[in-house]
Each structure stands twice: as structure tokens, then as C-alpha cells.
1. Please go through the stretch 11-54 and pick out each residue that is of a type in the set (D, E, K, R), within 22 Å of P100 (Cα to Cα) and open to solvent by 80 Å² or more (accessible area, probe 1.4 Å).
2. Which residues, taken from the stretch 1-19, are more than 18 Å from the chain's Cα centre (by Cα) and of a type in the set (D, E, K, R)?
Amino acid sequence: MGIREIRFCDLTGSEQDVESHELNIDQMRVQIDLAGPEYRKLLQLLQPYIEAGRVDASIPDLRSSARRAGHAPVSTSTGLTAEEREQLRQWAEEKGIEVPSNNRFKRSLVEQWREETKAG
């Protein structure tokens with residue numbers, strides 16, 4: 001028996017390209033499911049604050065979609081591309097290291113991955 005989970009955007013109800021996201025502001029933790037366009041819009045709105053602040057985790061690589069939309073690319077604190085995030089996820093899972101489903105990796109994990117994959 002299989003179980004199928006259907007995820008839909010909390011804003012639009014769309015079921016296409018939807019991912020869960022978590023926002024932490026002061027003492028609030030907000031979990032929201034957003035479709036790609038809504039998430040990109042959220043990142044664009046937050047970009048000045050993200051750039052001015054200290055980001056401890058990676059955010060999805062939106063460089064290519066930002067260029068297509070005519071916006072400046074979103075920089076990440078770790079500088080990982082989508083391909084690198086997938087490689088990191090596979091590496092961590094092979095080592096039995098738990099990784100977040102939202103691709104927001106701790107900087108220490110990224111550094112460990114970079115060190116071990118360069119040495120190997």
C-alpha cells in the first residue's frame with residue numbers, strides 16, 4: 001500500500017511546484033507551503049533585509065530564474081548551486097547525516113562536505 005501526499009500553495013491553492021518553507025522572526029516560527037512564483041516573490045520582498053543581515057543557512061538558488069525575470073540574482077550565504085545542494089544531500093544521506101527537506105543546510109555541514117569532497 002502506498003500513501004500519496006498532495007502539497008498545495010497556502011496562498012493560491014496551486015499544486016504545481018510547491019515546497020514547504022519555514023520563516024523564523026523573533027519568537028515566531030512560520031511554516032508555509034508556497035508555489036515557486038510566490039516563494040520567489042517573498043524572497044524578492046525580503047532581499048534587502050537578507051542582504052543586510054546575517055544568514056546562517058543556504059537559500060534555494062534562484063539565480064537563473066531571477067535572470068529570466070530581469071531581477072538581480074539572489075545570493076546565498078553558502079553559494080551552493082542547485083546541483084551542489086543535491087550532491088551535498090546525497091553525500092550526507094550516504095553518511096547517515098540527517099538533512100533538512102527544505103535544502104537549508106547548516107554552514108558547518110556545507111564546510112564539512114566541501115572539505116571531504118575536495119580531499120576525496
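1. Going residue by residue through the stretch 11-54, those that are of a type in the set (D, E, K, R) are 15, 17, 19, 22, 26, 29, 33, 38, 40-41, 51, 54.
Those still in the list that are within 22 Å of P100 (Cα to Cα) too: 15, 17, 19, 22, 26, 29, 33, 38, 40, 54.
Passing the criteria: E15, D17, E19, D26, R29, R54.
2. If we filter the stretch 1-19 for residues that are more than 18 Å from the chain's Cα centre (by Cα), which is where we start, we get 1-6, 11-15.
Scanning the stretch 1-19 gives R4, E5, E15.
The values are calculated or read from the model by the stated rules, or taken from the named source; none is laboratory data. Keep in mind it's a predicted model, so treat the numbers as computed, not measured. Ligands, DNA and RNA are stripped out before the accessible areas are found, and what is left, the full protein with its side chains, is counted by its heavy atoms. Shrake-Rupley method; radii C 1.70, N 1.55, O 1.52, S 1.80 Å.
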